[in-house]
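Okay, so here's the structure we're looking at.
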Amino acid sequence: MPLLRRTLRGATLAVSVCTALLLVSCGSDVTPRAIPADDDGVITSSSPSTSSPSTSKPKSTPPNQDGDGDVDIDVEIGECVELGGTATDATIDNSTCGSPESNYKVIAKAPTNLDCIADADQTYYELFADIEQGALCLDIDWVVDGCMEMSGENPQRADCDTVGRQTVKVTEFLDGTTDPNDCADPATSGYYHTERNFIVCVEDL
């Protein structure tokens, strides 16, 4: 039986807020926006890949995506954030990678969200007077043998012993393939990234 192949891309979260670091008063708005993971559907993969996957963690930093943008959070490439909120209250904060709070890792910084690599799981950017100030290109902060709850607006770290509506457990990262049939047991599906050619193999709990 073929495994399931998933991709993450998305809808828009936005909220207008007054930011003391950038504004003298609330006469103008800084608008943080996030394009969170949005499951475009599950695609059944019917044929095995002919590639030779590696079991090492894939390279996560896209080429030529290392700056020229500014957002109101001090975070570097390779560090993690806690992204949350809803359509009326978006939030972002620094977080330690792999911690219970962390749900995304910064894979690049860019002048605008459109400059992020196309297969990033998430894009966070801020507007000032309707002009984009910079963007963070984000991937989910997956941890091998760790679990994520995928049913909400953003993925959340989960207890693998307490199964939610859509809890997945990471089994491995495979570089050089986007075919979930390359994932070893007990994987049941995988989140693929076509531009960087890797897949995160997961077990649906």
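What to note about this one:
- Scanning the stretch 167-184 for residues that are over 17 Å from ASP141 (Cβ atoms) and open to solvent by 20 Å² or more (accessible area, probe 1.4 Å) yields ASP175, GLY176, THR178, ASN181, ASP182, ALA184.
- Failed criterion for GLU79 (all others in (1) modelled with pLDDT under 95; (2) open to solvent by 30 Å² or more (accessible area, probe 1.4 Å); (3) not β-branched (Val, Ile, Thr) hold): (1)
- Only one of ASP93, ASP145 that is out of contact with any Cys (no Cβ under 6 Å at 6 or more places or on another chain), among the acidic types (Asp, Glu), assigned to a loop (DSSP other than H, G, I, E, B) and open to solvent by 30 Å² or more (accessible area, probe 1.4 Å): ASP145
- Listed conditions (1) at pLDDT below 95; (2) of a type outside the set (Phe, Trp, Tyr); (3) open to solvent by less than 30 Å² (accessible area, probe 1.4 Å); (4) under 22 Å from VAL71 (Cβ atoms) are all met by ALA187, apart from (4).
- Among the numbered conditions (1) under 17 Å from TYR191 (Cα atoms); (2) of a type outside the set (S, T, N, Q); (3) touching a residue at least 60 places away in the same chain (Cβ under 8 Å); (4) in contact with a Phe, Trp or Tyr (Cβ under 7 Å, 6 or more places away or on another chain), the only one that GLY134 does not meet is (1).
- Applying the criterion of being assigned to a strand (DSSP E or B) and at pLDDT 90 or above to the residues of the stretch 96-123, the residue that is farthest from GLN156 (Cα to Cα) is ALA110.
- Among the residues listed as PRO155, PRO100, the single one being surrounded by fewer than 21 Cβ atoms within 10 Å (Cβ to Cβ) and not aromatic (Phe, Trp, Tyr): PRO100
- Lone qualifier among GLU153, GLU126, GLU132, GLU195 - being part of a loop (DSSP other than H, G, I, E, B) and under 20 Å from LYS109 (Cβ atoms): GLU195
- Restricting attention to the stretch 111-140, the residues being among the hydrophobic types (A, V, I, L, M, F, W, C), open to solvent by less than 10 Å² (accessible area, probe 1.4 Å) and over 21 Å from ASN197 (Cα atoms) number 1.
The values are calculated or read from the model by the stated rules, or taken from the named source; none is laboratory data. The model shown is predicted, which means the values in this text are computed figures rather than measured ones. We place every Cβ from the backbone using ideal geometry, glycine too, and count neighbours over all the protein chains shown. In case anyone asks, the SASA skips ligands and DNA or RNA and just uses the protein heavy atoms, side chains included. Shrake-Rupley method; radii C 1.70, N 1.55, O 1.52, S 1.80 Å.
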